Amino acid sequence: MKSTARKHYVDNLRWMLLLILIPYHTAMAWNVWEEPNYIFFEGNKIISSIVVFFSPYFMPLMFVLAGISMKNSLRKRTKSNYLLERVKRLLVPFLFGTLVLMPVMSYLADKFNCSYTGGFIEHYGIFFTKFTDLTGADGGFSVGQFWFLLYLLVISVIGIGILTLLEKFLPEKEKTIPFWAVILLGLPLPLLSEILSVGGKSLAEYTYLFMMGYYVFSKDEIISKAEKYKWLISGIGISAALVNIYLFIWSEKEYALLNTLMKYITEWFMTISLTGLAKGYLNFTGKVTGYMSKRSFLVYTWHFIWVVMFQYILYQIVGNNTFILFMGTVILSYVMTFICSEISMRIPVLCFLTGNRYEKNNP
């Protein structure tokens, strides 16, 4: 029998992951691999290790959770209603973020990284006409963190298409998948990672993970096995993550093949283990979890502009003081992100623009 109960651990794991974005994106300002960033300080191996620890599995897990959510959603609504809801929740905030928030971030990046001296209004025009590496770090056009919303919308449409075709030509049957087979399902990831990839973000890989969420991780027996073996799988995933950090950041020699292997072991094993841990410890709801679940994507929408803004402002005040720049940015960004989230929940137009359903007397 199919379970129709809401999987609270999916919601709770999602908002907990999204809270990590503030220290994660703050740490990118010190990356040692010289990836362009809106604000870039000197490289710092310790802070860079934060990014490398989370980066292999953070977004893959988000797409897996989105696939699980599609499975749950389609149990109570039609495919067309699901897609309409996706447009409201993803396309609208994508456009809002790209048109309103990203020009501010790109402007600050241009001032900090390229010594731009013009005003914001003038730069707004530059943002929409300067196309370079699409990172926004040089003041050019970028969709920034909102790429996730665009990818998720496109993948949702693709997912409905795949589901419709399979239902027509290969009806889904409830089959038990051996847990060892779930482990092997991570093997295609390295092959998919370069297919339809823009800026290192593979549409093919993320579509695969989304469908894994729908067809595999939505099954209670699979998650029960992940819960049962959570500490073993977590041990493998964390060990691979630590080796990946060492090889990528700290090692004086280059071990490209081994580094790549550790990255994908981390990605898949941490995805499995965190869903198992979430099922074991996060499958509940309450005032705090309900509050955070409603604001999870608001945190995603608002956090990065405040990270960039506070890094820019604090640098003018304290100079290159790494501790204050990092901790000050993280703390202040959390505060302002939640203030903006509360404002968004209470203003109907802003609620719509950020992809949320307006409810009078929102808690």
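Data for the structure
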| item | result |
| --- | --- |
| Qualifying positions in region 295-350 - touching a Phe, Trp or Tyr at 6+ places or on another chain (Cβ under 7 Å), in a helix (DSSP H, G or I) and not β-branched (Val, Ile, Thr) | 296, 312, 325, 328, 332, 333, 336, 340, 341, 348 |
| Any hit, region 331-349, residues being within 19 Å of residue 37 (Cα to Cα), under 20 Å from the mean Cα position of the chain (by Cα) and not charged (D, E, K, R) | yes |
| Looking only at region 249-264, and only at residues there that are surrounded by fewer than 21 Cβ atoms within 10 Å (Cβ to Cβ) and of a type in the set (A, V, I, L, M, F, W, C), the one that is modelled with the lowest pLDDT | 256 |
| Segments classed as helices (runs of 4 or more DSSP H), wholly inside region 176-281, with at least 3 members that are farther than 25 Å from residue 166 by Cα | 220-228, 230-245, 256-281 |
| Residue in region 130-139 that is outside any loop (DSSP other than H, G, I, E, B), surrounded by fewer than 21 Cβ atoms within 10 Å (Cβ to Cβ) and in contact with a helix residue (DSSP H, G or I) (Cβ under 9 Å, 6 or more places away or on another chain) present | no |
| Qualifying residues in region 180-232 (those that are of a type in the set (Phe, Trp, Tyr) and more than 18 Å from residue 72 (Cβ to Cβ)) - the one nearest to the chain's Cα centre (by Cα) | 206 |
| Identity of the residue in region 162-177, at pLDDT 80 or above and among the hydrophobic types (A, V, I, L, M, F, W, C), that ends up surrounded by the most Cβ atoms within 10 Å (Cβ to Cβ) | 163 |
| Some residue of region 352-359 being part of a helix (DSSP H, G or I) and either surrounded by fewer than 19 Cβ atoms within 10 Å (Cβ to Cβ) or in contact (Cβ under 8 Å) with a residue 60 or more places away in the chain (or both) | yes |
| Evaluation of residue 293 against (1) closer than 21 Å to residue 88 by Cβ; (2) modelled with pLDDT of 95 or more (one fails), failing number | (2) |
| Options 91, 83: the member that is more than 19 Å from residue 214 (Cα to Cα) and in a helix (DSSP H, G or I) | 91 |
| Pairs where the first residue, in region 213-226, is farther than 15 Å from residue 274 by Cβ and the second is of a type in the set (Lys, Arg) and at pLDDT below 95, C-beta under 7 Å, 6+ apart | 214/71; 218/71 |
| Residue in region 102-124 that is basic (Lys, Arg), surrounded by 15 or more Cβ atoms within 10 Å (Cβ to Cβ), under 23 Å from residue 271 (Cα atoms) and more than 18 Å from the chain's Cα centre (by Cα) present | no |
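For every residue, the table says whether it meets (1) closer than 26 Å to residue 224 by Cβ; (2) among the polar types (S, T, N, Q); (3) touching a helix residue (DSSP H, G or I) at 6+ places or on another chain (Cβ under 7 Å); (4) at pLDDT 95 or above.
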residue	(1), (2), (3), (4)
5	yes, no, no, no
19	no, no, yes, yes
28	no, no, yes, yes
38	no, no, yes, yes
56	yes, no, yes, yes
74	yes, no, yes, no
89	no, no, no, no
94	no, no, yes, yes
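The values are calculated or read from the model by the stated rules, or taken from the named source; none is laboratory data. Predicted model, so just to flag it, every value in this text is computed and none were measured. Don't worry about glycine lacking a Cβ; one is built from the backbone with ideal geometry, like all the others, and counts go over all protein chains shown.
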